[in-house]
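Peer 1: I have a structure here, written as structure tokens, and I will follow up with some questions on it.
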Amino acid sequence: MLKIYTWILAHRPQLRRESGQDLIEYAMLGGLIAIALIGAGLVFGPALTGMATGIGECIDFDSVTVCDPF
């Protein structure tokens, strides 16, 4: 126990440095944004796929498709 205490006292200035704190915060923020995008893709994925399919059918000029605005 004494060895751990003396190690902490000897390395206290190095433990208090904040040089990598910004990098860790940006990494955590990026991970949170990625999780939110994945969640939104799972929730709204089918609706977005249906909308893209509808747009693709309206753009296809070879077929006679009636395109509604909504």
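The values are calculated or read from the model by the stated rules, or taken from the named source; none is laboratory data. These figures come from a predicted structure and were not determined experimentally. Cβ coordinates were reconstructed from backbone atoms using ideal geometry, including for glycine residues, and neighbour counts include every protein chain displayed.
Peer 1: Which one of these does Ser63 not meet: (1) modelled with pLDDT of 80 or more; (2) not in a helix (DSSP H, G or I)?
Peer 2: (1)
Peer 1: If you don't mind, another one. So, in the stretch 27-52, how many residues would count as being surrounded by fewer than 10 Cβ atoms within 10 Å (Cβ to Cβ) and hydroxyl-bearing (Ser, Thr, Tyr)?
Peer 2: 0
Peer 1: One residue is enough: does the stretch 9-26 have a residue meeting the conditions modelled with pLDDT of 90 or more, loosely packed, with under 10 Cβ neighbours inside 10 Å and in a helix (DSSP H, G or I)?
Peer 2: Step one: of the stretch 9-26, the residues modelled with pLDDT of 90 or more are 25-26.
Keeping just the survivors that are loosely packed, with under 10 Cβ neighbours inside 10 Å gives none.
No: zero hits.
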